[in-house]
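Just so it is clear, none of the values below were taken in a lab; they were calculated from the coordinates. Since this is a predicted model, take the numbers as computed values, not measurements. Positions of Cβ are backbone-derived with ideal geometry, glycine not excepted, and every protein chain shown enters the neighbour counts.
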Amino acid sequence: MTPEPSDRPVALITGASAGLGLALAHGLADRGWALVIDARGAEALKDAADALADRTDVVPLAGDVTDPDHRADLVEAITELGRLDLLINNASYLGQSPLQALATADLDELRRVYEVDVLAPIALTQALLPALTTASGVLINISSDAAVEAYETWGGYGSAKAALDHVTRILAAEHPALAVYAVDPGDLRTAMHQAAFPGEDISDRPEPATVVPAFLQLLDSRPESGRYRASEFAPAVAS
């Protein structure tokens with residue numbers, strides 16, 4: 001179905017079938033935002049869209065953010081909606097599980113990490129900058145504490161997120177009319193986090209929904225472009 005032009009604010013969230021991306025989609029839907037959501041798994045994405053559809057307009061598009069054709073589909077959906085107020089580059093790839101030391105890491109896996117975590121967000125941002133600029137919108141790149149801390153075996157993912165952080169800073173310098181953020185949500189109880197610690201109990205990590213208020217406060221307060229931790233905006237719910 002072709003989406004109608006939206007009179008609501010519009011957000012595009014990648015990696016939105018589960019985890020943080022899905023939690024953010026629900027948080028924005030509760031505020032009346034229209035959504036374009038993406039993930040690789042079509043069935044899980046449809047389930048996510050069905051759960052959101054009673055509150056807002058949602059366009060689910062399954063595909064891989066590294067695929068130029070899929071990115072073109074996302075851009076087309078935004079064009080049909082007629083606006084883009086928020087882009088959240090949330091889709092990420094951790095790499096081989098268990099994580100590998102850089103000295104022995106598979107280079108094809110590292111290339112995949114960089115394709116998903118760095119190049120795809122740049123490519124999607126390039127394609128959507130005109131719409132974001134028209135709306136004086138907000139760009140959020142999801143970061144990690146691994147971008148600033150040197151954890152053994154986290155070299156691929158951590159260095160990719162560090163690169164994304166710097167990309168964020170450069171985009172902010174090049175586009176001062178936009179609000180451009182790298183946001184570290186903290187450790188969360190997600191499938192990706194579980195893959196980083198196979199066989200371990202991660203039930204002590206907070207659910208992704210607990211950090212949504214921090215992201216909403218970020219959007220409300222719209223501070224200076226830069227890198228932030230979710231806990232800076234809602235310390236009671238983000239750790």
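Need one number: % antiparallel among DSSP beta bridges in the chain, to the nearest 5.
0 percent
Counting Lys and Arg as +1 and Asp and Glu as -1, each charge on the Cβ, what is the dipole of region 10-232 about the Cα centre in debye, to the nearest 20?
So the magnitude is around 480 debye.
Give the longest segment of the chain that steers clear of GluC sites (Glu not before Pro) in DSSP loops with at most 12 neighbouring Cβ atoms within 10 Å, not counting the sites themselves.
By the stated rule (loop sites, at most 12 other Cβ atoms within 10 Å), 1-148.
Based on other C-beta atoms within 10 Å, arrange Asp54, Asp73 from fewest to most.
So the ranking, lowest neighbour count to highest, is Asp54, Asp73.
Would you mind ranking Arg71, Arg229 by Cβ crowding within 10 Å, fewest neighbours first?
In order of increasing Cβ crowding within 10 Å: Arg229, Arg71.
Just from its helices, what would the mean residue ellipticity at 222 nm be for the chain, if runs of 4 or more DSSP H residues each count -39500 (n - 2.57) and the sum is divided by every residue, rounded to the nearest 500 deg cm²/dmol?
Estimated from H runs of four or more residues: -12500 deg cm²/dmol.
Compute the long axis of helix 155-174 from its Cα atoms, compare it with the longest principal axis of the Cα atoms of the chain, and write down the angle in degrees, 0 to 90, nearest 10.
40 degrees
Based on alpha-carbon centroids, what's the gap between region 1-70 and region 116-176 in Å, whole number please?
20 Å
Nearest 10 degrees is fine. How inclined is helix 42-52 to the longest principal axis of the chain, computing both from alpha carbons?
Roughly 50 degrees between the two axes.
Got a sec? How would Ser97, Ser92 order by Cβ neighbour count within 10 Å, fewest to most?
With the sparsest Cβ surroundings first, the list reads Ser97, Ser92.
I need the phi-derived Karplus couplings for region 119-134: 6.51 cos²θ - 1.76 cosθ + 1.60, θ = phi - 60°, integer Hz, Gly and Pro marked x.
5, 5, x, 4, 4, 5, 5, 3, 5, 9, 4, x, 5, 4, 5, 4
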